1. Does any residue of the range A:196-206 turn out to be in a helix (DSSP H, G or I), at pLDDT 95 or above and under 26 Å from A:ASP91 (Cβ atoms)?
2. Being over 19 Å from the mean Cα position of the chain (by Cα) and either more than 14 Å from chain B (Cβ to nearest Cβ) or closer than 16 Å to A:ILE182 by Cβ (or both) is the requirement here; does A:GLU205 meet it?
3. Within the range A:260-272, does at least one residue satisfy the condition of being over 22 Å from A:ASP148 (Cα atoms), more than 14 Å from chain B (Cβ to nearest Cβ) and in contact with a helix residue (DSSP H, G or I) (Cβ under 8 Å, 6 or more places away or on another chain)?
4. Since B:LYS256 meets every condition but one in (1) of a type outside the set (Asp, Glu); (2) away from chain A (no Cβ under 14 Å); (3) touching a residue at least 24 places away in the same chain (Cβ under 8 Å), which condition does it not meet?
5. Conditions first: (1) touching a strand residue (DSSP E or B) at 6+ places or on another chain (Cβ under 7 Å); (2) within 28 Å of B:ASP306 (Cα to Cα); (3) of a type outside the set (A, V, I, L, M, F, W, C). B:LYS51 passes all but one, so which condition is the exception?
6. Return only the number of the condition from (1) crowded, with 16+ Cβ neighbours inside 10 Å; (2) over 21 Å from B:PRO167 (Cα atoms); (3) away from chain A (no Cβ under 14 Å) that B:LYS64 does not satisfy.
7. Among the residues of the range A:2-24, write down those that are away from chain B (no Cβ under 14 Å), assigned to a loop (DSSP other than H, G, I, E, B) and surrounded by 12 or more Cβ atoms within 10 Å (Cβ to Cβ).
8. Does any residue of the range A:70-88 turn out to be of a type in the set (A, V, I, L, M) and surrounded by fewer than 19 Cβ atoms within 10 Å (Cβ to Cβ)?
Number of protein chains: 2
Amino acid sequence: MITKQEFSTVHERIKPYIHHTPVITSRLLNELSGANLFFKCENFQRMGAFKMRGATNAILNLTKEQQEKGVVTHSSGNFAQALSLSAKSIDVPAYIVMPSTAPQVKKEAVKGYGGKITECSPTLDEREKAAEKIMNETGSTFIHPSNDMDVIYGQGTAAIELLQEQPDLELIVTPVGGGGLIAGTALAAHHFGKNCKTIGAEPFEADDAYRSLQSGKIEENESANTLADGLKTQLGDKNFPIIQELVSEIIRVEEKEIVAALKLIWERMKIVVEPSSATALAAVLREKEKFKDKKVGIIISGGNVDLQKLPF
Amino acid sequence: MITKQEFSTVHERIKPYIHHTPVITSRLLNELSGANLFFKCENFQRMGAFKMRGATNAILNLTKEQQEKGVVTHSSGNFAQALSLSAKSIDVPAYIVMPSTAPQVKKEAVKGYGGKITECSPTLDEREKAAEKIMNETGSTFIHPSNDMDVIYGQGTAAIELLQEQPDLELIVTPVGGGGLIAGTALAAHHFGKNCKTIGAEPFEADDAYRSLQSGKIEENESANTLADGLKTQLGDKNFPIIQELVSEIIRVEEKEIVAALKLIWERMKIVVEPSSATALAAVLREKEKFKDKKVGIIISGGNVDLQKLPF
């Protein structure tokens with residue numbers, strides 16, 4: 001396991017490339033939840049999500065030779081944009097494999113950040129083949145969006161900042177998608193918190209992490225018919241053991257609870273967040289007794305939304 | 001005219017009752033505009049708009065006897081909520097005259113903040129009659145939402161804070177509705193800026209301020225068919241002379257420019273703002289040459305939106 005000192009070094013290393021995002025509170029949401037909530041606003045992070053942290057750390061950890069040859073990933077979401085932008089900041093080529101079915105707006109965003117897109121058929125097999133082909137041709141290094149230790153450590157730095165500002169948090173709640181954010185957060189809570197527990201929030205519609213913790217092995221999502229489209233991905237062999245060891249529990253929430261929490265955050269906190277981010281508040285509001293009178297950190301994971309497709 | 005010292009006293013007096021809101025910058029919006037933009041985020045103000053400042057100052061300026069008898073206004077917008085909440089904070093009764101046609105959600109908000117609602121027919125005449133009746137019955141004091149010197153001074157404190165943080169702003173742009181915000185801002189820029197000009201932004205659809213400055217007398221809006229529903233009100237005899245003296249110009253913007261600016265603010269800055277607030281950015285983007293390479297403050301007036309009625 002990473003030491004506290006090593007974790008601090010990760011944070012120092014990525015600082016020049018990321019924003020130190022604000023922590024926001026809301027009197028109304030405290031009243032509604034009965035808890036003291038501290039929202040770490042990664043929607044204000046560069047390119048709009050915490051993924052900048054992990055992508056930056058992974059690239060900075062490569063050797064000079066590796067950096068020159070570039071990085072490759074397959075993602076249709078925030079990680080594609082994060083890897084493109086962080087690679088651009090560090091002056092490294094970024095090759096992004098995206099399914100041909102990905103929304104044009106996402107492709108444009110990746111291009112805007114300087115990523116070189118290769119389109120492929122929308123199956124995992126085809127994605128992996130396309131990434132491998134690029135690696136063979138360019139000598140670039142594959143960076144997984146969530147199942148990569150450097151990515152996991154990078155994502156954990158949001159919780160380090162949150163705990164520096166609020167050292168006596170008793171709980172931190174994060175959404176669970178591919179597992180990188182929650183694993184990094186749990187490591188940060190372990191090292192930088194004072195007996196601070198980490199809790200995951202997940203839609204019932206994509207409850208692979210909940211079921212994986214129950215069964216003791218990585219379970220797959222089946223339908224994943226959720227508004228929280230960032231949470232459809234599943235855990236990996238690097239982050240799952242950390243989650244098993246350090247995450248107290250996963251709370252599952254219904255779609256209507258996600259919409260209600262999203263509406264509260266937009267209307268009352270006046271910030272634009274992704275549906276995935278709202279699952280964490282939804283979990284707190286669903287199981288209020290668990291959080292009553294406690295100091296609770298909530299990681300607002302990102303703010304990249306398609307305004308044409310809002311659930312309101 | 002208020003002195004700088006008196007203005008500082010206003011600010012000190014209301015401080016315990018308001019939030020000191022953050023100033024946000026956006027690299028992307030700087031690139032798009034060619035200017036250095038500093039957004040004063042009154043969408044994060046208590047009850048979601050700058051109106052808290054003016055309402056609070058007006059109530060604090062009343063005598064103890066007046067305060068005990070309460071305050072009354074007619075408004076269906078943010079000022080109704082602001083007067084209700086600031087009155088509640090100061091422990092003063094607030095009577096709010098609202099047209100029976102006002103959306104239920106606005107009535108609920110006023111009630112939630114403790115305002116006592118009297119409904120009337122949706123004409124100015126009926127509103128004034130209803131307000132007068134309340135004043136006669138309760139001895140309460142009428143507070144106008146924008147044409148009241150204490151309200152104007154209170155609204156100006158947002159620009160004082162902005163100029164304390166960015167003392168060398170060359171321009172400040174605000175939306176123009178009833179004229180309270182821009183008059184207060186112009187006074188603040190005059191006293192606290194270093195040759196800082198104030199510019200108004202207004203929809204073509206509600207360009208009463210633009211035409212009033214042209215003609216030299218207060219002009220009325222005719223259709224006011226604008227998305228920026230906070231800007232349909234018109235100037236008053238107290239704020240108009242200040243605007244005539246201290247506002248450099250009014251820039252008018254088209255509805256589609258308001259929507260585009262709104263989308264930029266939501267998508268890129270990740271904050272929820274009202275359409276009225278977006279007119280200021282729309283004005284900067286419409287007349288880029290005027291703002292090129294300048295340090296420009298923008299007052300984001302509020303963030304109270306109906307998520308069911310978005311223009312996206």
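1. no
2. Spelling it out, it is not the case that A:GLU205 is over 19 Å from the mean Cα position of the chain (by Cα) and either more than 14 Å from chain B (Cβ to nearest Cβ) or closer than 16 Å to A:ILE182 by Cβ (or both).
3. no
4. Every listed condition holds for B:LYS256 apart from (3).
5. (1)
6. (1)
7. Listed by number, the list holds a single entry, A:ILE2.
8. No: zero hits.
The values are calculated or read from the model by the stated rules, or taken from the named source; none is laboratory data. Note that this is a predicted model, so its numbers are computed, not measured. Because the Cβ atoms are built from the backbone with ideal geometry, glycine has one as well, and the counts that use them run over all protein chains shown.
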